[in-house]
Structures are given as C-alpha cells and as structure tokens.
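First comes the structure, then the notes that go with it.
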Amino acid sequence: MVRRILIIQGHPDSSCPHYCHALAQAYGDGARDAGHEVRTVDIGKLEFPLLRTKADWDGGQVPAGLEVPQADIGRAEHLAIFFPLWLGGMPAVLKGFLEQVARPGFALSSFREGEMPKKLLSGRSARVVVTMGMPALVYRWYFRAHSLKALERNILGFVGIAPINETLIGSVEGLSPTERNEWLHKLRLLGKEGK
C-alpha cells in the first residue's frame, strides 16, 4: 500500500549534517524506493515565534512559514519524527513547532466547557525515532522514557494519531561505523514498509 509520508526532522541544528539527518534520509530513501510519496520539513531551517498565551493558541493564526508544514501534516497518512534527546526530552524548537501547528480547528476541535475536544488528525500513524547519548535501555527502563511517552500520549495521541511506533538509538556517539550502517539499513527498511 502506497502512503503519503511526512518526515519531520526535529534536530535544531541544520548548519551541518547529524546522524538524525542520515537516519531520516535513509528512511525517506527507502520510502521513495517503495513508491511512497515523501515530503520533509526540517525544523532547524524554520523561523517562527514560540506561543506565549492561551489566547494566541486558541484564536491566533499559524505563523508565516508554518502554513505549508501544517498542510503537509494534514495531508500525510504517516508521520516519521526524528530528533535527538536533549536534557531528557525533545528539543525545545520541535516542541514549539508542534505547539504552533497543532492548534484548535486543525489538530483538534475547539474546547467546550465539560467536553473533550474532537481529535481531528485521526487516521494517521507515526514513527518516532530518537537518538541519545545514554543506552536506550537506560532511557526506557530507568527513566521510563517519560518524554517519549508524553509526546506519544499528550501530543500525538491527543490529536488522534495512532498507532505510534518508536525506534530508540542509544549510545549514539559510541556507535561504530558498522553499527551506524546497520541502523541506517533498518531505517531504510522501515521507510520501504511505510511504518
């Protein structure tokens, strides 16, 4: 089954390529090879303000420059989100991006007293790929992957995105060239499968 896939590159530093970029490239290459339609948004190349008030989130406009990425999210059937773990969570610019694009009227219905908002992004799936300096098992079992769970439950799941799969790549600075290539191969295969 051919899918419309949006790759969200959440690494804040676009001044030089990082392993997150290589992983996303491998995923995208695999997806394109299989005939999937692939679009990419690179958060590190975007300029936008952070949300500072509830009033702006409720009724403000999506900032200039984020209209196309927001439309790409709306068009996608599957999101592939890549980011490095920074201070135990996603980089602030990625969180700021998600806050800006996941507004009422797009990602969920407006809030009404005593009612839960309707999830407007249902029918989409996601894969979250996280690189980190610590071993992935330490993050998952000792730290309980709290920030990943928050992203999955409180952001993606809250707007209806499911199922959500994850790929955790730990001890990234210590990976040998062979191990790096093995991960790139795994991501290429996931891209081919559109998962």
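The values are calculated or read from the model by the stated rules, or taken from the named source; none is laboratory data. Since this is a predicted model, take the numbers as computed values, not measurements. Cβ: placed from backbone, ideal geometry, glycine included. Neighbour counts: every protein chain shown.
Checking each residue in region 106-121 for being closer than 27 Å to residue 193 by Cα and either in contact (Cβ under 8 Å) with a residue 60 or more places away in the chain or part of a loop (DSSP other than H, G, I, E, B) (or both) picks out 107, 120, 121. The criterion of at least 1 residues that are over 17 Å from residue 156 (Cα atoms) is met, among helices (runs of 4 or more DSSP H) falling completely within region 29-105, by 54-59, 67-75. Out of 128, 101, one residue alone is free of Cβ contacts under 8 Å to residues at least 40 places away in the same chain, within 30 Å of residue 71 (Cβ to Cβ), surrounded by 19 or more Cβ atoms within 10 Å (Cβ to Cβ) and not hydroxyl-bearing (Ser, Thr, Tyr). It is 101.
Within region 160-195, count every residue that is within 18 Å of the chain's Cα centre (by Cα) and not in a helix (DSSP H, G or I). Going through region 160-195 one residue at a time, the tally reaches 13. Residue check: is residue 10 buried (at least 18 other Cβ atoms within 10 Å of the Cβ), within 23 Å of residue 123 (Cα to Cα) and over 16 Å from the mean Cα position of the chain (by Cα)? So residue 10 does not fit the description; no. When 112, 144 are screened for being of a type outside the set (S, T, N, Q) and on the phi > 0 side of the Ramachandran plot, only 144 passes.
Residues checked against (1) at pLDDT 95 or above; (2) more than 22 Å from residue 49 (Cβ to Cβ):
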site	(1), (2)
82	yes, yes
93	yes, no
97	yes, no
100	yes, no
108	no, no
116	no, yes
126	yes, yes
131	yes, yes
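Note on region 16-74: residues that are in contact with a Ser or Thr (Cβ under 9 Å, 6 or more places away or on another chain) and of a type in the set (Phe, Trp, Tyr) total 1. Hey, does region 144-159 have a residue that's in a loop (DSSP other than H, G, I, E, B), in contact (Cβ under 8 Å) with a residue 40 or more places away in the chain and surrounded by 13 or more Cβ atoms within 10 Å (Cβ to Cβ)? No, every residue in region 144-159 fails to be in a loop (DSSP other than H, G, I, E, B), in contact (Cβ under 8 Å) with a residue 40 or more places away in the chain and surrounded by 13 or more Cβ atoms within 10 Å (Cβ to Cβ).
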